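The values are calculated or read from the model by the stated rules, or taken from the named source; none is laboratory data. On a predicted model such as this, the values are computed, not experimentally measured, just so you know. Here the Cβ positions follow ideal geometry from the backbone for every residue, glycine too, while neighbour counts run over all protein chains shown. All accessible areas refer to the heavy atoms of the entire protein, side chains included, with ligands and DNA or RNA removed. Shrake-Rupley method; radii C 1.70, N 1.55, O 1.52, S 1.80 Å.
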Amino acid sequence: MQFIDLQAQYTRIAEKVDARIMSAVRSGRFILGPEVQELETALARFSGSSRALGCANGTDALVLPLMAWGLRPGDAVFCPSFTFTATAEVVPWLGATPVFVDIDPATYNMDPAHLEASIEMVKAKGELNPRVVIAVDLFGQPANYPQIADIAKRHGLKLIADSAQGFGCTLEGKHPSHWSDVTTTSFFPAKPLGCYGDGGAVLTDDADLAEIMESLAVHGKAMPRDIEKRAFEHDPKYFNVRIGMNSRLDTIQAAVLLEKLAIFPDEIAARNRIAERYNTHLEKHVDSVPQVIAGGVSVWAQYTIEHSRRDALSAHLKSRGIPTAVYYPIPIHAQEPYAKYPSGPGGLPVTENKADRVISLPMHPYLDEAAQDTIITAIREFQ
Ligand SMILES: *Cc1c(COP(=O)(O)O)cnc(C)c1O
């Protein structure tokens, strides 16, 4: 049994995806070929943003808006600690300081009350300048955007939705980009919308910001308005107006994603059916089954339960050929390189408690009922 069965998905789309890949290969336009723009248009339409921009991975997607906003030493970025490292990792790249915020015990996403307390703590101390909030759609479900966006706005902070795990999720029928300044995602193969290598994207309604991020992703290249302003006469490719990086989405990966996006809504529905079935059959046999925020639809990057004897359960399942995973055993604030960064008032008791109790079960759109029953039976029989 696979934890995430990417082969089953490939079998479904093999003919189409092979044709797309070979068409990209034959065109020879490996960098920023037409598939990239086609995908960007499709991603923007899918998530209701005016602009989507492909980039090299979900980590770069997070740093691009921070660079565009000119984050620098002395700036504070508020983010959860109960997330994949990349969420916080990009902040010290710019010399800025991550400030860790605790999570809601039911959804594992950023606790809005603790976010507000953390911003007030930083303001009261007066050493750091609060600039940005990064909310994460952990395990595929939307963060509490109405409250988080309201807090960010009242304190004059920008809001990034790190939707690497949650791309496609909705709250009250709207995508995270409805509330965020920038939404980021990752196309790492195991994410709900993954490609066949590394890839990522940023989405925004802010046309000026999109232009700066596009420039930053290609070595700070001059954009049409930069050229206009400066009356530059040479190849604009070698006219650099800011210090950027190299972060593009490969044409071949965009080609793969175009075929995957076409079946993505159907896959999200399948993931929800599978999660519902897990919930029904496991509710009485584990400490907790996942709870989705009211009005939210998760894309179920992970199906995560809690169990007081998590490690023993994992060993029991492994002995029956069932893979599990722990996301995340060591929260970021407890990792050595991040120990020097502050947490909000009272520390992160919920984060620390959850790290010892969570365990994720196999979850992907092609998990059939027979395999799911094997998992459910094994959990019910665990003593
Ligand atoms: C995977 C992930 C990222 C980083 O994506 P990469 O494409 O691997 O760089 C960022 N944030 C979260 C929450 C993730 O799960």
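In the calculated pair distance distribution of the range 174-225, what percentage of Cα-Cα distances lie above 17 Å? Summing the P(r) of the range 174-225 above 17 Å gives 50 percent of all pairs.
Per residue, how many Å² of accessible area does the range 114-178 show with a 1.4 Å probe? Please report the intermediate quantities before stating the final value.
On the way: 2310 Å² over 65 residues.
Dividing the accessible area of the range 114-178 by its residue count gives 36 Å².
Label the range 175-291 by shape, choosing from rounded, prolate and oblate, from the square roots a ≥ b ≥ c of the eigenvalues of the Cα gyration tensor; if a/c is under 1.5 it is rounded, and otherwise prolate applies when a/b is larger than b/c, oblate when it is not. In terms of gyration-tensor shape, prolate. Per residue of the chain, the DSSP helices (runs of n ≥ 4 H) give a summed -39500 (n - 2.57) that works out to -13000 deg cm²/dmol at 222 nm. Farthest toward the positive end of the dipole of the chain, out of His316, Thr85, Ala262, is the Cα of Thr85, where the dipole comes from beta carbon charges about the Cα centre.
Label the range 79-224 by shape, choosing from rounded, prolate and oblate, from the square roots a ≥ b ≥ c of the eigenvalues of the Cα gyration tensor; if a/c is under 1.5 it is rounded, and otherwise prolate applies when a/b is larger than b/c, oblate when it is not. Oblate, since a/c reaches 1.5 and b/c is not below a/b.
Rolling a 1.4 Å probe over the protein heavy atoms leaves Leu53 with an accessible area of roughly 10 Å². For the pair Gln7 and Phe382 in one chain, pulling the backbone fully straight at 0.36 nm per residue adds 132.0 nm over the alpha carbon distance. Cα-based values for the chain, radius of gyration first and Dmax second, are 21.3, 75 Å. For the range 7-77, the extents of the C-alpha atoms along the principal axes are 52, 28, 24 Å, listed from largest to smallest.
How would you classify the range 84-160 from its alpha-carbon gyration tensor, with a ≥ b ≥ c the square roots of the eigenvalues: rounded for a/c under 1.5, else prolate if a/b is greater than b/c, otherwise oblate? Since a/c reaches 1.5 but b/c is at least a/b, the shape of the range 84-160 is classed as oblate.
Translational diffusion coefficient, Stokes-Einstein: compute it for the range 271-383 using the Kirkwood radius over C-alpha pairs as Rh, at 4 °C and 1.567 mPa s, and state it as an integer in µm² s⁻¹. Don't skip to the end; give the middle numbers.
On the way: Rh = 15.4 Å.
Roughly 84 µm²/s, to the nearest whole number.
For the chain, the membrane-span-like helices by this rule, meaning whole DSSP H stretches whose C-alpha atoms cover at least 30 Å of axis and whose Kyte-Doolittle mean is -0.5 or above, are 251-282; this says nothing about an actual membrane.
Structure remark: mean-square fluctuation, Gaussian network model of the chain, C-alpha springs under 10 Å; the largest value among His316, His364, His307 belongs to His316.
Sparse packing (at most 16 other Cβ atoms within 10 Å of the Cβ) combined with a DSSP loop state is found for the following GluC sites (Glu not before Pro) in the range 103-160: Glu127. In this label model, Ala124 and His219 are separated by 5.0 nm, measuring between points 7 Å along each Cα→Cβ vector. Between Ala334 and Asp311, the modelled label-to-label distance comes to 1.1 nm, taking each label 7 Å out from Cα in the direction of the beta carbon.
Quick check on my link table: of Lys191/Lys340; Lys221/Lys260; Lys158/Lys354; Lys191/Lys260; Lys123/Lys158, which ones sit more than 19 Å apart, alpha carbon to alpha carbon? Write down the numbers at each step before the final one.
Numbers: Lys191/Lys340 30 Å; Lys221/Lys260 30 Å; Lys158/Lys354 28 Å; Lys191/Lys260 12 Å; Lys123/Lys158 16 Å.
Table pairs above 19 Å Cα-Cα are Lys191/Lys340; Lys221/Lys260; Lys158/Lys354.
Taking all protein chains together and a 1.4 Å probe, the residues Lys123, Lys318 rank Lys318, Lys123 from largest to smallest accessible area. Across the chain, C-alpha contacts under 8 Å between residues 6 or more apart give a mean separation that, scaled by the residue count, equals a relative contact order of 23 percent. Just to confirm my numbers, what's the Cα centroid distance between the range 1-45 and the range 258-333 in Å? The two parts, judged by their Cα centres, are 26 Å apart.
Ignoring ligands, DNA and RNA, what percent of the accessible area of the chain is carbon or sulfur (1.4 Å)?
Using a 1.4 Å probe with all protein chains present, the chain comes out at 51 percent carbon and sulfur.
For the pair Tyr238 and Ile263, the difference between a 0.36 nm per residue extended length and the Cα-Cα distance amounts to 5.1 nm. For Gly296, the residues whose amide H sits under 5 Å from its own are Glu172, ignoring neighbours fewer than 5 places away on the same chain, with H placed 1.01 Å from N. Given their separation in residues at 0.36 nm each and the Cα-Cα distance between them, Arg357 and Thr374 gain 3.9 nm when the chain is fully extended. Structure remark: mean-square fluctuation, Gaussian network model of the chain, C-alpha springs under 10 Å; the largest value among Ala315, Ala96, Ala24 belongs to Ala315.
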